[in-house]
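This report concerns only the one structure given below.
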Amino acid sequence: MGLADRSVRDFLEAVVSSTPTPGGGSVAALSGALSAALSRMVSALAIGKQGYENVEEELRQLESRGQELQERLLRLVDEDAAAYDAVVAAMRRPKTTETEREGRVNAIQSAYLHATEVPLDTMEACSEALEIALIAAEKGNRSAVTDAGVAALLAQAGVRGASLNARINLAALRDHAVRAQLEERLAAIIEKADKVGHEVMALVEGRL
């Protein structure tokens, strides 16, 4: 059974446990999934209601997009834990002979690359969750606008949390060209997420 299939209590106990996974990366992905779920709720509370006829089609599209995003982020909960476990496994490889040492270094580098790409994927998904939160705040049920605000805050936490995991793994990469490319990707995601996040919160604050 995957981490995302556990009860909330079981998941929390797994986080509390003495094993390093699930850790911050998985929690960041879960934050994004919760964000998408909240935006879907704000949308669902408006669909079929009087006064929202002109935006109903957009809200239905939000529901579909949000459901796909939610599932994607739930998969990333497990993928993040698996990526870190792969790093640990690579580090435990034998290193007695020169061949073993070379193979171990290559395995570690490959594992660190994947452990960087997974949180970057989480960041992108959480950034998309922010876009959905903005639509929910603009067009969803006005009485639930604060829920869209919470969705935005959760998505922002997911972006920033996953960025920490990405950055610490980036530092272990020896290929400077690859590292520079991934650092550029990371910075672009944060810049976009910050912009959308500010827009959502300004909209929410303006309606309180």
Count, please, the residues in segment 50-75 that happen to be over 30 Å from Asp121 (Cβ atoms) and either open to solvent by 100 Å² or more (accessible area, probe 1.4 Å) or touching a His at 6+ places or on another chain (Cβ under 6 Å) (or both). 3
Given the condition open to solvent by 40 Å² or more (accessible area, probe 1.4 Å), more than 18 Å from the chain's Cα centre (by Cα) and modelled with pLDDT of 95 or more, answer yes or no: does some residue in segment 120-136 qualify? yes
Could you list all residues from segment 1-47 that are under 30 Å from Arg142 (Cβ atoms), open to solvent by 10 Å² or more (accessible area, probe 1.4 Å) and part of a helix (DSSP H, G or I)? Val8, Leu30, Ser31, Leu34, Ala37, Leu38, Arg40, Met41, Ala44
Filtered residue count, segment 11-32, keeping only those that are in contact with a Leu (Cβ under 9 Å, 6 or more places away or on another chain) and not hydroxyl-bearing (Ser, Thr, Tyr): 9
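The values are calculated or read from the model by the stated rules, or taken from the named source; none is laboratory data. Everything numeric in this text was worked out from a predicted model, so none of it was measured. Don't worry about glycine lacking a Cβ; one is built from the backbone with ideal geometry, like all the others, and counts go over all protein chains shown. Areas reflect the complete protein model, heavy atoms only, side chains present, ligands, DNA and RNA absent. Shrake-Rupley method; radii C 1.70, N 1.55, O 1.52, S 1.80 Å.
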